[in-house]
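Participant: So that we are looking at the same thing, I have put the structure below in structure tokens.
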Amino acid sequence: MRQIFAALTLVCLPGLVAAQDTKPDGPSLMEQGAQMFMDGLMEEMAPAMEGMSDLGEKIGPALRSFTEEMGPAFADLLDQVEDWSVYEAPEKLPNGDIIIRRKPDTEPEKKEQPPAIILDETPQIDL
């Protein structure tokens, strides 16, 4: 029985080794699935992307002129305001004016005190 098993092992062993050495030439199933997913996503997004390019062509010149005209004013405003977190959100009044109110100071600034160090007069030693 042992001899038959040994002979069968010797006959089948080269076939098993050859089967393990062969690798698929193409991508794996996971890679194929990911590629199919990305292709489908690109097909679905193509009309929206074309619409975005048309929108960019229409809005581009207006946005460019806006930044050329308002850019220096915004730069001056940024230089004047040190901390934007102390202001509330802009508010539009009925007459068309826009105001930006400063937030009320709720707490005065407190100086942090270092923690007190308490020394025990009779130190204890654990043995």
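Participant: Given the criterion at pLDDT 85 or above, surrounded by 10 or more Cβ atoms within 10 Å (Cβ to Cβ) and assigned to a helix (DSSP H, G or I), identify the matching residue among Gly33, Gly60.
Facilitator: None of the other options fit; the residue is Gly33.
Participant: One residue is enough: does region 86-102 have a residue meeting the conditions among the polar types (S, T, N, Q) and at pLDDT below 80?
Facilitator: no
The values are calculated or read from the model by the stated rules, or taken from the named source; none is laboratory data. No experiment lies behind these values; they were computed from the predicted model shown. As a convention, Cβ positions derive from the backbone with ideal geometry for all residues, glycine included, and neighbour counts pool all protein chains shown.
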